[in-house]
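To start, the structure under review is shown below, and the notes come after it.
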Amino acid sequence: MTYPINMTVKPDVSAHFDDATNTITYIVKDPNSNHCAIIDSVMDIDYAAGRITYKAADKLIVEIQDRGLTVDWIIESHVHADHLSAAPYIQDKLGGKIGVGEKIMVIQETFGKVFNEGTDFQRDGSQFDALFKDGDTYNIGTMQAFAMYTPGHTPACMVHVIGNAAFAGDTLFMPDGGSARCDFPGGDAGELYDSIMKVLALPDETHLFMCHDYGPNGRAIEWETTVADQKADNIHVGGNKTRADFIKFRTERDAQLSMPKLIIPSLQVNMRAGEVPTDADGNQVLKIPVNGI
């Protein structure tokens, strides 16, 4: 298969694990310049206290400043339901364009209704600087990247392929973690299987970087694997498991799962590119829809 970028380039990847949400944020640097991208940043929230802080984002900012890097992109692999994005906070400090998949508009329309957003809430993705279509390319310094549309977990999921690395979002977990749930509005287990097969058609040596890890069976947290390892060992799709088997397993498994503890604030913030909604007086507020999700 032919891909639109040079996949022999080896980006410099720095991973930051957030204990509170089991999220891994990445600083991805062009090996031939001082330019970088940030993928899936985290904003801290004490939900019970209604308090937002930026400890995780500040760690990224300090590293980038200490290394003398220039941020070209702040990428969201999808609209996360388990953590809040710090994209606008980072952009204010370091610059860069905020990018997400173009199907963000589907998410905005769906959850704009759930949270009873008024007509002031734009549902056209205009909160973001760039909306990626399947196959779109962009540059991080001299290094090329492309966005791969991978729906199933959500309608707006994208895997970002940067040189010989691919940043999987929630499309895949580590081989012993399997795959993400598909029971959110717009999710579809069959679509997720097809998306995973699309990712696993990348060259076997492609490095895959996960957005989350939960340390199954007590192992240490990990976030990097390869296409070859996933094809051989992924517990949900590896070893030539069929689409029908995956749909049956994923549907039965999802029916047993509770909602992520931060889904209500995460969706409201992340569909706005990381901005916290405000009331008529300009105060930051979050809504709790009853029996709405």
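The values are calculated or read from the model by the stated rules, or taken from the named source; none is laboratory data. Remember, it's a predicted structure, so these values are computed and weren't measured experimentally. Here Cβ is always computed from backbone atoms with ideal geometry, including for glycine, and neighbour counts include all displayed protein chains.
Of these, G215, G163, which one is buried (at least 18 other Cβ atoms within 10 Å of the Cβ) and among the small types (G, A, S)? Write out each step before concluding.
Numbers: G215 fails: buried (at least 18 other Cβ atoms within 10 Å of the Cβ).
After applying the criteria, what remains is G163.
Filter the stretch 47-66 down to residues that are touching a residue at least 40 places away in the same chain (Cβ under 8 Å) and in contact with an Asp or Glu (Cβ under 8 Å, 6 or more places away or on another chain) and give me whichever is farthest from A220 (Cα to Cα).
I52
Okay, residues lined up against (1) within 23 Å of I27 (Cβ to Cβ); (2) surrounded by fewer than 19 Cβ atoms within 10 Å (Cβ to Cβ); (3) touching a residue at least 40 places away in the same chain (Cβ under 8 Å); (4) among the charged types (D, E, K, R):
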residue	(1), (2), (3), (4)
K93	yes, yes, no, yes
G112	no, yes, yes, no
N116	no, yes, yes, no
Q122	no, yes, no, no
D129	yes, yes, no, yes
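Kindly indicate whether D12 is under 24 Å from N139 (Cα atoms), crowded, with 22+ Cβ neighbours inside 10 Å and either touching a Lys or Arg at 6+ places or on another chain (Cβ under 6 Å) or in contact (Cβ under 8 Å) with a residue 60 or more places away in the chain (or both).
Values: under 24 Å from N139 (Cα atoms): yes; crowded, with 22+ Cβ neighbours inside 10 Å: no; either touching a Lys or Arg at 6+ places or on another chain (Cβ under 6 Å) or in contact (Cβ under 8 Å) with a residue 60 or more places away in the chain (or both): yes.
No; evaluated as a whole, the condition is false for this residue.
A quick yes/no check of all residues on (1) farther than 29 Å from I75 by Cα; (2) at pLDDT below 95; (3) assigned to a loop (DSSP other than H, G, I, E, B):
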site: D229; (1), (2), (3): no, no, no
site: D245; (1), (2), (3): yes, no, no
site: E252; (1), (2), (3): yes, no, no
site: Q268; (1), (2), (3): no, no, no
site: V290; (1), (2), (3): yes, yes, yes
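Out of all the residues in the stretch 57-88, which are under 16 Å from the mean Cα position of the chain (by Cα), among the hydrophobic types (A, V, I, L, M, F, W, C) and in a helix (DSSP H, G or I)? Walk me through how you get there before you give the answer.
Initial filter on the stretch 57-88 (under 16 Å from the mean Cα position of the chain (by Cα)): 57, 73-88.
Restricting the remaining residues to those that are among the hydrophobic types (A, V, I, L, M, F, W, C) gives 57, 73-75, 79, 81, 84, 86-87.
Residues satisfying the conditions are A57, A87.
Can you tell which of G239, G215 is touching an Asp or Glu at 6+ places or on another chain (Cβ under 9 Å) and at pLDDT below 95? First the steps, then the outcome.
Details: G215 fails: at pLDDT below 95.
Of the residues listed, the single one that is touching an Asp or Glu at 6+ places or on another chain (Cβ under 9 Å) and at pLDDT below 95 is G239.
Tell me whether the stretch 33-46 contains one or more residues that are without any contact (Cβ under 8 Å) to a residue 12 or more places away in the chain and either of a type in the set (G, A, S) or part of a strand (DSSP E or B) (or both).
Residues of the stretch 33-46 that are without any contact (Cβ under 8 Å) to a residue 12 or more places away in the chain, as a first pass: 46.
This time we only want the ones that are either of a type in the set (G, A, S) or part of a strand (DSSP E or B) (or both), so: 46.
Yes; the residues of the stretch 33-46 include at least one that is without any contact (Cβ under 8 Å) to a residue 12 or more places away in the chain and either of a type in the set (G, A, S) or part of a strand (DSSP E or B) (or both).
Out of curiosity, is Y138 assigned to a helix (DSSP H, G or I) and among the aromatic types (F, W, Y)? Let's see the steps before the verdict.
Details: assigned to a helix (DSSP H, G or I): no; among the aromatic types (F, W, Y): yes.
No; evaluated as a whole, the condition is false for this residue.
Would a scan of the stretch 233-253 turn up a residue that is under 17 Å from the mean Cα position of the chain (by Cα) and either small (G, A, S) or at positive phi (or both)?
Residues of the stretch 233-253 under 17 Å from the mean Cα position of the chain (by Cα): none.
Checked the stretch 233-253: no residue is under 17 Å from the mean Cα position of the chain (by Cα) and either small (G, A, S) or at positive phi (or both).
Can you pull out the residues in the stretch 72-121 that are within 30 Å of T142 (Cα to Cα) and aromatic (F, W, Y)?
Hits for the stretch 72-121 are W73, Y89.
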